[in-house]
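Participant: First the structure, which I've put down as structure tokens, then a few questions once you've had a look.
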Amino acid sequence: QVQFVESGGGLVQPGGSLRLSCAASGSISTIYARGWYRQAPGKQRELVACITSGGTSTSVESVKGRFTISRDNARNTVYLQMNNLRPEDTAIYYCNLCVSQPRNWGQGTQVTVSS
């Protein structure tokens, strides 16, 4: 069974940066697109960005130009570089496959943007 382990969150001031990492344990092929999701307090979980095995990425409009998703297939790890963070980016960030109904959610990593 695949498990995802997210890390790199924390408390940062508006305009600051963080880099999230997501390692996959268990057997998972690198052919799958991987992504980052987030869930803010009182809101549903949303997909933030996805990246294919070949490196093609997509992201939601609210993070374009600020967040960059990348992956290291040799390490089976996905990253999310977040720059110019805003208070509305505060959420628990999760990684998973970019599919219609992801399963096996990890614990996530808390990102708090506040002065």
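The values are calculated or read from the model by the stated rules, or taken from the named source; none is laboratory data. This is a predicted model, so every value here is computed, not measured. Note: ideal-geometry Cβ built from the backbone for every residue, glycine included; neighbour counts use all protein chains shown. Heavy atoms of the whole protein, side chains included, go into the accessibility calculation; ligands, DNA and RNA do not. Shrake-Rupley method; radii C 1.70, N 1.55, O 1.52, S 1.80 Å.
Participant: How about segment 1-58: which trypsin sites (Lys or Arg not before Pro) there lie in a loop by DSSP and see at most 10 other Cβ atoms within 10 Å?
Facilitator: Listed in order of number, the matching sites are LYS43.
Participant: Accessible area, 1.4 Å probe, largest first: how do SER53, SER115 sort?
Facilitator: Listed by decreasing accessible area, they come as SER115, SER53.
Participant: Moving on to the next point. What net charge is computed for the residues neighbouring ASN96, neighbours being all others with C-beta under 9 Å from the C-beta of ASN96, Lys and Arg scored +1, Asp and Glu -1?
Facilitator: After counting each charged neighbour, the total is +2.
Participant: I've got another one for you. Lys and Arg at +1, Asp and Glu at -1: add these up for the other residues within a Cβ distance under 13 Å of ILE51 and post the number.
Facilitator: Summing Lys and Arg as +1 and Asp and Glu as -1 gives +1.
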